[in-house]
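S.K.: Below are the structure tokens for one structure; questions will follow.
Coordinate-derived values only; no laboratory data. Fair warning: this is a prediction, and the values are worked out from it, not measured in the lab. Because the Cβ atoms are built from the backbone with ideal geometry, glycine has one as well, and the counts that use them run over all protein chains shown.
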Ligand SMILES: [Zn+2]
């Protein structure tokens, strides 16, 4: 079995002090000792390194690690949110077959069906019907037509850029 390279145990040395705040586990009669007196010291082994820590500094270390973990979690969440948001809002608008062109009310476009016939249409809008149909004005026949979202996927849609008059 391989030796554990990361351990935390109670410090068993009679004379030791915290590596961070110098809190010591012994009474000093010399008055030359710095740092408070600690009830207990811990030994944190990381690889070949051994750190002696008091309760307080161990807590601080834990807090530091937790904050690091939280910050990493926050960053990950932000990334996920940024990835999700554009696709969610794009779904709310009617899309052309390529998923790029968004047709707004008033947009004029040509649609070529599978037979290669092309008609000009003007987007009237999504009707509030329980079928979720979209109203279009066929500019070639000057008649209203109601289509399903699927209609756009079955045709080649090309938006007509209106020229300024
Ligand atoms: Zn300490």
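S.K.: What FRET efficiency, computed as 1/(1 + (r/R0)^6) with R0 = 30 Å and r the Cβ-Cβ distance, is obtained for residue 49 and residue 81, rounded to the nearest 0.05? Walk me through the numbers before you get to the answer.
M.R.: Numbers: r = 39 Å, r/R0 = 1.29.
E between residue 49 and residue 81, to the nearest 0.05, is 0.20.
S.K.: Same structure again: Quick one: 43, 74, 4, fewest Cβ neighbours within 10 Å first, how do they rank?
M.R.: Details: 43 16, 74 10, 4 7.
Ordered from fewest to most neighbouring Cβ atoms within 10 Å, 43, 74, 4 come out as 4, 74, 43.
S.K.: From Cα pairs below 8 angstrom and at least 6 apart in sequence, can you work out the relative contact order of region 108-159, rounded to a whole percent?
M.R.: 37
S.K.: Let me ask something additional. Per 0.36 nm of contour for each residue apart, how much would the distance between residue 137 and residue 62 grow if the chain were fully extended, relative to their Cα-Cα spacing?
M.R.: Numbers: separation 75, 0.36 × 75 = 27.00 nm, distance 6.62 nm.
Full-extension gain reported as 20.4 nm.
S.K.: Test of understanding: ordering 17, 143, 48, 28 by Cβ neighbours within 10 Å, fewest first, what list do you get?
M.R.: 48, 143, 28, 17
S.K.: May I ask you to derive the FRET efficiency for residue 26 and residue 74 from their Cβ-Cβ distance with R0 = 41 Å, giving the value to the nearest 0.05?
M.R.: 0.45
S.K.: Express in nm, to one decimal, how much length is gained between residue 36 and residue 119 on full extension, taking 0.36 nm for each residue of separation and deducting their alpha carbon distance.
M.R.: Working: separation 83, 0.36 × 83 = 29.88 nm, distance 8.70 nm.
Contour length minus the Cα-Cα distance gives 21.2 nm.
S.K.: Using the number of other C-beta atoms within 10 angstrom as an exposure proxy, rank 110, 118, 52 with the fewest first. List each step's numbers first, then the result.
M.R.: Numbers: 110 16, 118 13, 52 21.
The fewest-first ordering by Cβ neighbours comes to 118, 110, 52.
S.K.: Going 7 Å from the Cα of residue 6 toward and past its Cβ, which residues in region 51-80 have a backbone nitrogen under 18 Å from where you end up?
M.R.: 51-53, 58-73
S.K.: Next up: How large is the Kirkwood hydrodynamic radius of region 6-89, counting all unique pairs of alpha carbons, in Å?
M.R.: Roughly 15.5 Å, rounded to one decimal.
S.K.: By the gyration tensor of its Cα atoms, with a ≥ b ≥ c the square roots of the eigenvalues, what is the shape of region 108-159: rounded for a/c under 1.5, prolate for a/b over b/c, or oblate? Walk me through the numbers before you get to the answer.
M.R.: On the way: a/c = 2.08, a/b = 1.38, b/c = 1.51.
Taking the square roots of the gyration eigenvalues as a ≥ b ≥ c, region 108-159 is oblate.
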